[in-house]
1. Quick check on packing: order 89-99, 226-236 by the mean number of other C-beta atoms within 10 Å, highest mean leading.
2. Gaussian network model of the chain, Cα springs within a sub-10 Å range: biggest mean-square fluctuation belongs to which of Asp295, Asp373, Asp135?
3. Might you tell me the accessible area per residue for the range 17-309, computed with a 1.4 Å probe and given in Å²?
4. Ranking request for peptides 380-391, 118-129: highest mean number of other beta-carbon atoms within 10 Å first, then the rest in descending order.
5. In sequence order, what are the phi-derived ³J(HN,Hα) couplings for the range 62-68 according to the Karplus relation 6.51 cos²θ - 1.76 cosθ + 1.60 with θ = phi - 60°, rounded to whole Hz, with x for glycine and proline?
6. Just want to confirm a number: the relative contact order over the range 318-404, from Cα pairs under 8 angstrom separated by 6+ residues, in percent.
7. Can you list the HN-Hα couplings for the range 313-321, worked out from phi with the Karplus curve (6.51, -1.76, 1.60; θ = phi - 60°), rounded to whole Hz and with x for Gly and Pro?
8. How much of the DSSP beta bridge set in the chain is antiparallel, as a percent to the nearest 5?
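The values are calculated or read from the model by the stated rules, or taken from the named source; none is laboratory data. Since we're looking at a predicted model, the values are computed, not measured. FYI the Cβ positions are ideal-geometry reconstructions off the backbone, even for glycines, and counts take in every protein chain you see. Accessible surface is based on the protein model in full, side chains and every heavy atom, while ligands, DNA and RNA are left aside. Shrake-Rupley method; radii C 1.70, N 1.55, O 1.52, S 1.80 Å.
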Amino acid sequence: MFILLVAWTCLLSVKAYDNGKLGSTPPMGWSTWCTNDLCGMRDVCTEREVKKRADALVSQGMVQLGYNFIFLDDCWASTERDAEGRLQGDKDQFPKGMKELADYMHERGLHLALYTCIGTQTCRKERPGSYGHYDIDAQTFADWGVDLVKVDACHKPGNESTIDLYTQFSKALNATGHEMIFAMCEWGNENVWEWGGSISQMYRIAMDHLPFYRYGNKTASGAGYGQGVKEVIDWMADLHPSKYNRPSAWMDPDFLMTRFPLTMDMAASRTEFTFWTLWSSPLLVASDIDNLSEDKRAILMNKEVLEVHHDSLWVSGERLFRNSDQTQAWSRPLANGDVAVVLYNAVANEAVDIKVLFVDLGLDASKQYIVRDLWAGRDVATVTGGSYSSSVAKHDVAFLRIRAAP
Ligand code: GLA
């Protein structure tokens, strides 16, 4: 009887943290990055503009590829709660309210994601945080039909434990009975990869990913103001994502900064997307999809690359080696026995040859393999010698898929 009781209690407590099946694949979509026009970036956090981006996801065929979230970050909410103490959308930005917006998304096969904070105010200040209101806010999100809630960590009262507060929020979401992905944003502090997956469906592993290839040298949790592409890659290598990343427990290296034309050239954007797909990370495009260049759009819509991202083994890629010249090789086993390989030229000022040995990929060096270049979209070699080498341009990658020859 006692054993039965313990088993039942365990079952209940597991259920308390399971906010639904929506998070069983990594969320993909578009984010407003609503931050009160931070750094002069054009803020499109209004009903009209957000719906325009939703229509664009549909008309450009991105929804069919899996990009089905419209994500409103900070600054969508009114500075005042309503008379019943509920959060409400800013009346000027969202005159028809948030439920109407969620309905609009659902009618088009999309999901709506909203942002709040574990503390007393949101990170950009002025707007109310959820502290002291977790139950009512979770219920409000559920009543609107929201599909994902991002919970930031700003303005947390100093006497409170972050883990306790996030656990309470997770339970509040779960208690509504409405499926919502719980996305935690506490910047990778407190070794979140060790506990984040038990109470949330995705969790940030570092500070904000900024729209640069390199941004300082800070990699660790909560370090600096944010990280460029290179620092995120080095940090993920240290974390060993294959140990933690799994369905409904995604490590989140933050939004994709694909668009920014001056600071994110083609190589930086290709490298960013390659690694986010190699890790099966959430793919949330924090740039104006209406104004993407065709080249940048082709990066986000490359079907063969997205196949690696969605591979049903859901095993994150890991770094095989980093040479003293900062050239690297990464690999990921795929469900059909193929292996995805990334050869990455992290800092050299010119193209360099990077070589990978098949024995290091778990392949039989005596057999024949076909190497397909996923960015080129063609087979580039039939190999019998047990290794493959490719010239890789500065900050760029070769993204390969290796299969046994018939
Ligand atoms: C924090 C988060 C960002 C973003 C902003 C919004 O900095 O890390 O992802 O949500 O707040 O204010």
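1. Working: 89-99: 16.3, 226-236: 23.7.
Highest to lowest by the protection proxy: 226-236, 89-99.
2. Answer for the Gaussian network model of the chain: Asp295.
3. 36 Å²
4. Working: 380-391: 14.8, 118-129: 19.1.
Ranking, from highest mean packing down: 118-129, 380-391.
5. So the J values, rounded to whole Hz, are 6, 4, 4, 8, x, 7, 10.
6. Numbers: 201 pairs, mean separation 28.3, N = 87.
It rounds to 33 percent for the range 318-404.
7. So the J values, rounded to whole Hz, are 6, 6, 9, 5, x, 10, 6, 8, 7.
8. On the way: 36 of 63 bridges.
Roughly 55 percent of the beta bridges in the chain run antiparallel, per DSSP.
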